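The values are calculated or read from the model by the stated rules, or taken from the named source; none is laboratory data. Keep in mind that this is a model prediction, so the values were computed, not measured. All Cβ positions, even for glycine, are placed from backbone atoms using ideal geometry, and neighbour counts span all protein chains on display. Just so you know, the surface numbers come from the protein's heavy atoms only, side chains and all, with ligands and any DNA or RNA stripped out. Shrake-Rupley method; radii C 1.70, N 1.55, O 1.52, S 1.80 Å.
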Amino acid sequence: MSARPRIGIAGIAIESSTFTPYRSSAADFEVRRGTTDILDRFPFFTDSSDSGQELRQAADYVGVLHARALPGGQLEREVYEGWKREIVEGLAAAHAEQALDGFFFDIHGAMSVVGLEDAEGDLITAIRGAIGPDVVVATAMDLHGNVSEILFDACDLLTCYRHAPHIDAWETRERGLRDLVAVAARVRDGGSLPHKALLHVPILLPGEKTSTRIEPAASIYGGIPALTERKGVTDVSCWIGFAWADQPRCQAAIVAFGDDASAVQEAALELAGSLWQARHRFEFVAPTGSFTECLDRAIASEARPFWISDSGDNPGAGGADDTTYCLARLLDREEILSGQVSALMVSLVDPVSADAAWELGVGGRGEFAVGGRIDARDPGPVPLRAEVAALDEAGSTGRAAALRVLDGDRPTGLTVVVTGRRSQWARQEMFSRLGLSMTGFDIVTVKMGYLEPDQYEAAADWLLALTPGGVDQDLVRLGHSRIRRPMIPFDAEIPAPGAADVRAGGGTPRP
């Protein structure tokens, strides 16, 4: 057949902590509908590269709905059910009009929905009910997603990022779509599905211990390309899993697929073995300590700027983005209050304070109670007097304000950024919009885990503060009760993966 394969695209992408009090709603998401809007999401379709344009022309794509949000809390059930219904009905209608050959499940992989144990499993099951068992299904995920048995069984091709920080996010989606288009065309013309294999490795670790900047993750992920070059193997992937959800599916997973069943299983077993052998070697990506310890070291250091990650409330992993544990301690330091040390706290979501700053205007002074409105753990909202240093309004942050903290009427060395929307200040441009520099303060405290590229380049030195919050790095004290056991770090040891643990599939033709 010469006709191009027909490929549907839809998905809901969010990383959700079940330990944060925040609930994600429709207002947190960017929602795209229709083919043109959804394809515009993929930069390799819109740039002028030959490979991207070749892939764009290789299939007829049918976009239905895609919703994407900054990591947060569990998604409200009614919002999820509405989008699920829209996706299922849209795909069913498209498939009835002209049969789909393939479907690209565009997800993150760690979505939690109120009342569901396996949200992506629930969604793909409903989608399979609409498009049937014969459509080739592929997904390209974040390596911090989860691969349940349900998700694995429903998808024919599964891949994920190979870098953390995720510098290969779009490269991974392009790889996943390219494989899908090729397999969908082959299967439509009578060929067989690839063989696939899944192994779970009972390890549950935060991304801050599994960054590919450092060992052992650097070598584990660095060895993947050689595995994919073996005869009969198309792709091999390693999911670290999502540490801040309390669900049975949360654990590391290895998936491989290709045209030779034995080669696929051997590659999966080898990568799973590498992960298992390194199980006791994972360490934090930076030196750690309590926030007070980190602040002591930052003030004493000659390195400027010195960055500190408020890791327990990292919105990029699902934290509420408004705990005030660090803010209160910054306000307790005489070096900062006197102006001897300049410090920036960025950022806390607080629409009440942001609106108040806008009412005052730049240069206006007033009383604020900052943060602690979502995650009200001690010390809760922190009272402070401040001068509005700058204002900005952008879609990603909503109303934002830089507040220069005052001691009476005298400026201190502390500036605090408040925003109308949860946001993660990882890029230089976000700072610039408020007239701030990533290198313009002695100390920068950021609600973050490992530093993203712009932050990492800006920091002369940095520490990872082990702070409380919905994405606490101390997993044991969070209180997981539904994960499978044994599991590192909750148990001292786990069994080695073996051939008997492989879950296999694929390899058959479809009518």
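Residues ASP461, ASP454, ASP491, ASP501: which one is charged (D, E, K, R), over 22 Å from ARG404 (Cβ atoms) and either loosely packed, with under 14 Cβ neighbours inside 10 Å or in contact with a Cys (Cβ under 8 Å, 6 or more places away or on another chain) (or both)?
Every option except ASP491 fails the conditions.
Of the residues that sit in the range 65-93 and are of a type outside the set (D, E, K, R) and in a loop (DSSP other than H, G, I, E, B), which one is surrounded by the fewest Cβ atoms within 10 Å (Cβ to Cβ)?
The residue in question is LEU70.
Can you name every residue in the range 235-257 that is surrounded by fewer than 22 Cβ atoms within 10 Å (Cβ to Cβ) and either touching a Gly at 6+ places or on another chain (Cβ under 8 Å) or not in a loop (DSSP other than H, G, I, E, B) (or both)?
Passing the criteria: only ASP246.
Just one of the numbered conditions (1) touching a strand residue (DSSP E or B) at 6+ places or on another chain (Cβ under 8 Å); (2) free of Cβ contacts under 8 Å to residues at least 12 places away in the same chain is not true of PHE45; which one?
Condition (1) is where PHE45 drops out.
Given the condition open to solvent by 10 Å² or more (accessible area, probe 1.4 Å), under 23 Å from ALA492 (Cβ atoms) and out of contact with any Asp or Glu (no Cβ under 6 Å at 6 or more places or on another chain), answer yes or no: does some residue in the range 185-200 qualify?
So far as the range 185-200 goes, yes, one or more of its residues are open to solvent by 10 Å² or more (accessible area, probe 1.4 Å), under 23 Å from ALA492 (Cβ atoms) and out of contact with any Asp or Glu (no Cβ under 6 Å at 6 or more places or on another chain).
Here's the yes/no breakdown for (1) open to solvent by 10 Å² or more (accessible area, probe 1.4 Å); (2) among the aromatic types (Phe, Trp, Tyr); (3) part of a helix (DSSP H, G or I):
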site: ALA320; (1), (2), (3): no, no, no
site: ALA356; (1), (2), (3): yes, no, yes
site: ALA369; (1), (2), (3): yes, no, no
site: ALA376; (1), (2), (3): yes, no, no
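So which of ALA492, ALA504, ALA496 is among the aliphatic types (A, V, I, L, M) and free of Cβ contacts under 8 Å to residues at least 40 places away in the same chain?
ALA492
What is the one condition in (1) of a type outside the set (Phe, Trp, Tyr); (2) under 27 Å from the mean Cα position of the chain (by Cα); (3) in a strand (DSSP E or B) that LEU384 does not satisfy?
Unmet for LEU384, out of (1) of a type outside the set (Phe, Trp, Tyr); (2) under 27 Å from the mean Cα position of the chain (by Cα); (3) in a strand (DSSP E or B): (2).
Looking at GLY435, GLY420, GLY449, GLY469, which is the one that is at pLDDT 95 or above, surrounded by fewer than 20 Cβ atoms within 10 Å (Cβ to Cβ) and among the small types (Gly, Ala, Ser)?
Of GLY435, GLY420, GLY449, GLY469, the one residue that is at pLDDT 95 or above, surrounded by fewer than 20 Cβ atoms within 10 Å (Cβ to Cβ) and among the small types (Gly, Ala, Ser) is GLY435.
Go through (1) outside any helix (DSSP H, G or I); (2) closer than 25 Å to GLU15 by Cβ for VAL62 and report which single condition fails.
(2)
What is the one condition in (1) open to solvent by 30 Å² or more (accessible area, probe 1.4 Å); (2) out of contact with any Gly (no Cβ under 7 Å at 6 or more places or on another chain) that ILE308 does not satisfy?
Here ILE308 meets the rest and fails (1).
For THR46, state whether it is surrounded by fewer than 15 Cβ atoms within 10 Å (Cβ to Cβ), closer than 28 Å to VAL181 by Cβ and among the polar types (S, T, N, Q).
yes
Conditions tested, residue by residue: (1) in contact with a strand residue (DSSP E or B) (Cβ under 8 Å, 6 or more places away or on another chain); (2) of a type outside the set (S, T, N, Q); (3) open to solvent by less than 30 Å² (accessible area, probe 1.4 Å); (4) over 24 Å from ASP454 (Cβ atoms).
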site	(1), (2), (3), (4)
PRO287	yes, yes, no, no
ALA303	yes, yes, yes, no
VAL382	yes, yes, yes, yes
ALA389	yes, yes, no, no
SER396	no, no, no, no
ALA400	yes, yes, yes, no
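Examine the range 196-215 for a residue that is without any contact (Cβ under 8 Å) to a residue 40 or more places away in the chain and at negative phi, and state whether such a residue exists.
Checked against the condition, which is being without any contact (Cβ under 8 Å) to a residue 40 or more places away in the chain and at negative phi, the range 196-215 yields no hits at all.
List, please: which pairs have Cβ atoms under 9 Å, are six or more places apart or on different chains, and start with a residue in the range 329-342 that is more than 15 Å from PHE441 (Cβ to Cβ) and end with one that is of a type in the set (Phe, Trp, Tyr) and in a helix (DSSP H, G or I)?
That search, which allows pairs on different chains as well, returns ARG329/PHE291.
Could we say that THR139 is open to solvent by 30 Å² or more (accessible area, probe 1.4 Å) and polar (S, T, N, Q) here?
no
Does GLU302 fit the bill of being out of contact with any helix residue (DSSP H, G or I) (no Cβ under 7 Å at 6 or more places or on another chain), not in a helix (DSSP H, G or I) and not aliphatic (A, V, I, L, M)?
Against the criterion (out of contact with any helix residue (DSSP H, G or I) (no Cβ under 7 Å at 6 or more places or on another chain), not in a helix (DSSP H, G or I) and not aliphatic (A, V, I, L, M)), GLU302 qualifies.
Starting from residues that are of a type in the set (A, V, I, L, M) and in contact (Cβ under 8 Å) with a residue 60 or more places away in the chain, keep the ones in the range 472-488 and report whichever is most open to solvent (accessible area, probe 1.4 Å).
LEU478
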